[in-house]
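None of the figures in this text is laboratory data; all of them are computed from the coordinates on show. Bear in mind that the values here come from a model prediction, so they are computed numbers and not experimental data. In this analysis, Cβ positions are derived from the backbone assuming ideal geometry, glycine residues included, and neighbour counts consider all displayed protein chains.
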Amino acid sequence: MKVDVNNKLSLDELIDNIEPKKSVVCRRVLGDYKDDFEKLPGSRTKHQDWEGGLCDHIEETMNIACVLFDSLNDRRKLPFTLSEALFMLFFHDFDKVIRYGHRDEFDLIGIDHHGLGNIVVKLIRDKYNYQFSDIEINTLRYVHGENEDYHSTNRVMLPLTAFVHCCDIVSARIWYDQGKDSARW
């Protein structure tokens, strides 16, 4: 699937480019956590740190994926689809909804980033009847880096994870103060 990368797509249009079973999950999550997506910042200080910045950041990373995917895939076939990348980008920072918006619903004492990923996996499984694949769990676990799991010879971060990580880094570290305008780059 090729997306017109000259125009920035809205979050709704981006979700339309995710395979149907997964797009239904995204739409249900977006509906259930609408206030969080519209109010929470992308981060507390480092990127898209304004009200609604979380939604702007997610939309921005997904648009970046559309640009990067075709550019890379035209040169060498990628081992994942744009739909898979968009789905994982939709969820890559969902732990912030738990940390910033719903921490009272979860016992977060002593929970590290990997633990938050496990909470997201369980929540999506139990509430939305979607089981993340092993590759998707790898993406949720390592989207922000391998950290203490880094290994000098074992590949920890899988290709989909690395791609999602790149899209996140462009938005969070290059265009950290961009993305408020969903209609244009």
May I ask you to sort Thr45, Thr161 by Cβ crowding, counting other Cβ atoms within 10 Å and putting the fewest first?
Thr45, Thr161
Could you list Cys66, Cys55 so that the one with the fewest beta carbons within 10 Å of its beta carbon is first and the one with the most is last?
Cys55, Cys66
Given the rule -39500 (n - 2.57) for each run of at least 4 DSSP H residues, summed and divided by the residues of the chain, what is its mean residue ellipticity at 222 nm, to the nearest 500 deg cm²/dmol?
-15500 deg cm²/dmol
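Take the residue pairs Lys34/Lys122; Lys22/Lys46; Lys21/Lys46; Lys122/Lys180 and return only those whose Cα atoms are more than 26 Å apart. Could the numbers behind the result be given before it?
Numbers: Lys34/Lys122 20 Å; Lys22/Lys46 30 Å; Lys21/Lys46 33 Å; Lys122/Lys180 31 Å.
Beyond 26 Å: Lys22/Lys46; Lys21/Lys46; Lys122/Lys180.
Dividing the alpha-carbon Rg of the stretch 11-174 by 2.2 N^0.38 Å yields what? Please list the in-between numbers first.
Values: Rg = 15.1 Å, N = 164, 2.2 N^0.38 = 15.3 Å.
Normalised by 2.2 N^0.38 Å, the Cα Rg of the stretch 11-174 equals 0.99.
Which whole-number percent is the relative contact order of the chain (Cα, under 8 Å, 6+ apart)? Kindly include the intermediate steps, with their values, before the conclusion.
Numbers: 214 pairs, mean separation 55.1, N = 185.
Relative contact order for the chain comes out at 30 percent.
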How far apart, in nm, are two points set 7 Å out from the Cα along the Cα-to-Cβ line at Ala183 and at Thr45?
3.5 nm
